[in-house]
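The values are calculated or read from the model by the stated rules, or taken from the named source; none is laboratory data. Just so it is clear, the model here is predicted, and its values are computed rather than measured. Cβ sites come from the backbone with ideal geometry, for glycine too, and all protein chains shown count toward neighbours. In case anyone asks, the SASA skips ligands and DNA or RNA and just uses the protein heavy atoms, side chains included. Shrake-Rupley method; radii C 1.70, N 1.55, O 1.52, S 1.80 Å.
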Amino acid sequence: MNITYLRRRVIGALAITSVTFATVLTAGPTAASAAPAGAATTTTTAVPAPPTTLGPTYYIRSLVSGWDHTCALRGDGTVACWGGANQGQLGTGTLTAQSSAVTLPNLRRVSELAAGAQTTCALTWDREVYCWGRNDHGQVGDGTGARRTTPVKVPISGATLLAVGNSHACATTDSALYCWGANESGQLGTNDTVDRLSPTVVGVGVPFVALGAFNSSTCGQTSFGHTACTGSNLGMFGNGSVNGSKSFTTVPALTANYDRTVIDGATHRCHAERESGKVRCVGSNGNGGLGDGTNLTRTSVVTPPGVFSTATAGFTNLSCGFEKVLRQYQCWGSNGQGQVGDGTTTNRATPVPVKGLPAINQTYGSVSAGRYHACATYDPGAYSPDRVYCWGSDSSEQLGNGTGGSSTTAVLVKGV
């Protein structure tokens, strides 16, 4: 999973079929949850223009990780992937794992990536959605249950936001929310538990500025500052309960200042507030994945120590972020495969620095966490190409260092 800031304007509207949710959203924030004075209720940013420098020498915009694979989005809109491929999740046309990054030959002009367990999706500058990989529940969205080893177009036009969970996905357009794939816990928000092999309209009418997906749940944030979730709830709804829902239900905002960010995770979610740098985590806390020094599941938000520019949650109880004061990537939680990156296999209940990286001068970084590995970008400066480092298990070549072998400290990915 990963965290990616919203890059395009949401000018349409999206209404959820839940009567309670729609009523609260259209009424605007209550006095108790009103946005702070001066807070904007829309985000206006341009779709990225094609850069003048193409290819691997351009910067790495973001990383996304599935169970055992990672993909990097370059600034020129191309995508490179590495790691496990037994379900076609790399999009390279084969089921062969890749020990170094491989550029997807027929995927261009990508503005955002999202990864599920063994499925990957891309949102393009042309507002089209492409998916590939495991498809046993229809999570590729092409109307079939057939595994796809190369990107296929999902029948949606004008997409603005994208999120991929364990075995499902959702996207917004200017006028609707669409979801598809597995629905055993109600994660599609359709008020039932029936899988969908192709995109299904959940509703129209209320604007989302952020969208996120978890193992078996989906959450979105609206321009009014509200958050709503559907599906399984292991505490990550943050509403003081572990009861799930089959339709979107309003829940407390993860952060206090209504950042417009994708809120992905697995059994828990973590997000860094853009202004304060505080990390907010909630949900399952096995092995310390919430970073609050305990192993107690939290149904309301807790704050790990540090000042972060970004933070994300993985598929297990693993979290990582970029500590901007110390200029360090830090991770916490499950560490049996070295996925915390501190040189040990000891679980960590509070953030610790990732070892093996060069001295860092950057103040912001992209980091993604898989099941038993994690990856991060490194900016060497002086117009040099960005690099990617990974750490943890290499059971499916997910460290991408070309030589194989797991590592409890960061190793350089080849071919990015």
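Can you say whether V152 is of a type in the set (A, V, I, L, M), outside any loop (DSSP other than H, G, I, E, B) and either on the phi < 0 side of the Ramachandran plot or over 20 Å from the mean Cα position of the chain (by Cα) (or both), as far as the supplied structure shows? Don't jump to the end; show me each part of the working.
Working: of a type in the set (A, V, I, L, M): yes; outside any loop (DSSP other than H, G, I, E, B): yes; either on the phi < 0 side of the Ramachandran plot or over 20 Å from the mean Cα position of the chain (by Cα) (or both): yes.
Spelling it out, V152 is indeed of a type in the set (A, V, I, L, M), outside any loop (DSSP other than H, G, I, E, B) and either on the phi < 0 side of the Ramachandran plot or over 20 Å from the mean Cα position of the chain (by Cα) (or both).
Taking region 377-400 as the search range and keeping residues that are touching a His at 6+ places or on another chain (Cβ under 8 Å) and part of a strand (DSSP E or B), which one is nearest to V416 (Cα to Cα)?
C390
In region 104-159, how many residues are open to solvent by 20 Å² or more (accessible area, probe 1.4 Å), touching a residue at least 40 places away in the same chain (Cβ under 8 Å) and in contact with a Cys (Cβ under 8 Å, 6 or more places away or on another chain)?
Number satisfying all stated conditions: 3.
Of all residues in region 355-403 being among the aliphatic types (A, V, I, L, M) and buried (at least 23 other Cβ atoms within 10 Å of the Cβ), which is farthest from N285 (Cα to Cα)?
Result: V388.
Could you list all residues from region 275-300 that are free of Cβ contacts under 8 Å to residues at least 40 places away in the same chain and over 13 Å from G235 (Cα atoms)?
E275, S276, K278, R280
Pairs needed: first member in region 343-370, at negative phi and free of Cβ contacts under 8 Å to residues at least 60 places away in the same chain; second member anywhere, of a type in the set (G, A, S) and not in a loop (DSSP other than H, G, I, E, B); C-beta distance under 6 Å; at least 6 residues apart or different chains.
V354/A410; L357/A410; Y364/S309; G365/A376
Looking at region 340-357, can you tell me whether even one residue there is assigned to a strand (DSSP E or B), among the small types (G, A, S) and at pLDDT below 95? Break it down into steps so the answer makes sense when it comes.
Of the residues in region 340-357, the ones assigned to a strand (DSSP E or B) are 348-353.
After this cut, where a residue has to be among the small types (G, A, S) as well, the list is 349.
Right, trim to at pLDDT below 95 and you get none.
Taking every residue of region 340-357 in turn, none turns out to be assigned to a strand (DSSP E or B), among the small types (G, A, S) and at pLDDT below 95.
Those residues that are out of contact with any Asp or Glu (no Cβ under 9 Å at 6 or more places or on another chain), in contact (Cβ under 8 Å) with a residue 12 or more places away in the chain and not acidic (D, E), I need them from region 190-206; list them, please.
Matches in region 190-206: T190, N191, R196, P199, T200, V201, V202, G203, V204, G205, V206.
Inspect region 290-302 for any residue being within 26 Å of Q139 (Cβ to Cβ) and either modelled with pLDDT of 90 or more or hydroxyl-bearing (S, T, Y) (or both) and give the result as yes or no.
Scanning region 290-302, I find no residue that is within 26 Å of Q139 (Cβ to Cβ) and either modelled with pLDDT of 90 or more or hydroxyl-bearing (S, T, Y) (or both), so the answer is no.
For region 214-237, which positions are open to solvent by less than 10 Å² (accessible area, probe 1.4 Å), in contact (Cβ under 8 Å) with a residue 40 or more places away in the chain and under 18 Å from A266 (Cβ atoms)?
F214, S217, T218, C219, G220, T230, G231, G235, M236, F237
Being touching a residue at least 40 places away in the same chain (Cβ under 8 Å), farther than 22 Å from G165 by Cα and either open to solvent by less than 10 Å² (accessible area, probe 1.4 Å) or outside any loop (DSSP other than H, G, I, E, B) (or both) is the filter here, so list the residues in region 301-338 that pass it.
P304, S309, F322, Y329, N335, G338
Pairs under 7 Å by beta carbon, first residue more than 23 Å from A117 (Cβ to Cβ) and of a type in the set (A, V, I, L, M) in region 392-416, partner outside any loop (DSSP other than H, G, I, E, B) and open to solvent by 40 Å² or more (accessible area, probe 1.4 Å), six or more apart or different chains?
Here the result reads L412/R387, each pair linking region 392-416 to a residue that is outside any loop (DSSP other than H, G, I, E, B) and open to solvent by 40 Å² or more (accessible area, probe 1.4 Å).
Consider region 251-284. How many of its residues are open to solvent by 10 Å² or more (accessible area, probe 1.4 Å), in a strand (DSSP E or B) and modelled with pLDDT under 90?
1
Can you name every one of the strands (runs of 3 or more DSSP E) wholly within region 184-234 that holds 3 or more residues which are out of contact with any Lys or Arg (no Cβ under 6 Å at 6 or more places or on another chain), at pLDDT 90 or above and more than 18 Å from T120 (Cα to Cα)?
Strands (runs of 3 or more DSSP E) meeting the threshold: 196-203, 227-231.
Taking the criterion of being closer than 22 Å to T267 by Cβ and surrounded by fewer than 21 Cβ atoms within 10 Å (Cβ to Cβ), would at least one residue in region 167-184 satisfy it?
Yes.
Of the conditions (1) among the β-branched types (V, I, T); (2) more than 29 Å from R274 (Cβ to Cβ); (3) touching an Asp or Glu at 6+ places or on another chain (Cβ under 7 Å), V352 satisfies every one except a single condition; which number is it?
Among (1) among the β-branched types (V, I, T); (2) more than 29 Å from R274 (Cβ to Cβ); (3) touching an Asp or Glu at 6+ places or on another chain (Cβ under 7 Å), the lone unmet condition for V352 is (2).
Which one of A349, A313 is farther than 21 Å from Q98 by Cβ and either β-branched (V, I, T) or touching a helix residue (DSSP H, G or I) at 6+ places or on another chain (Cβ under 7 Å) (or both)? Let's see the steps before the verdict.
On the way: A313 fails: either β-branched (V, I, T) or touching a helix residue (DSSP H, G or I) at 6+ places or on another chain (Cβ under 7 Å) (or both).
The unique qualifying residue is A349.
When region 155-183 is examined, which residues are found to be assigned to a loop (DSSP other than H, G, I, E, B) and on the phi > 0 side of the Ramachandran plot?
Passing the criteria: only G158.
Scan region 118-141 for residues that are closer than 18 Å to G400 by Cα and not in a strand (DSSP E or B) and jot them down.
Result: Q118, single match.
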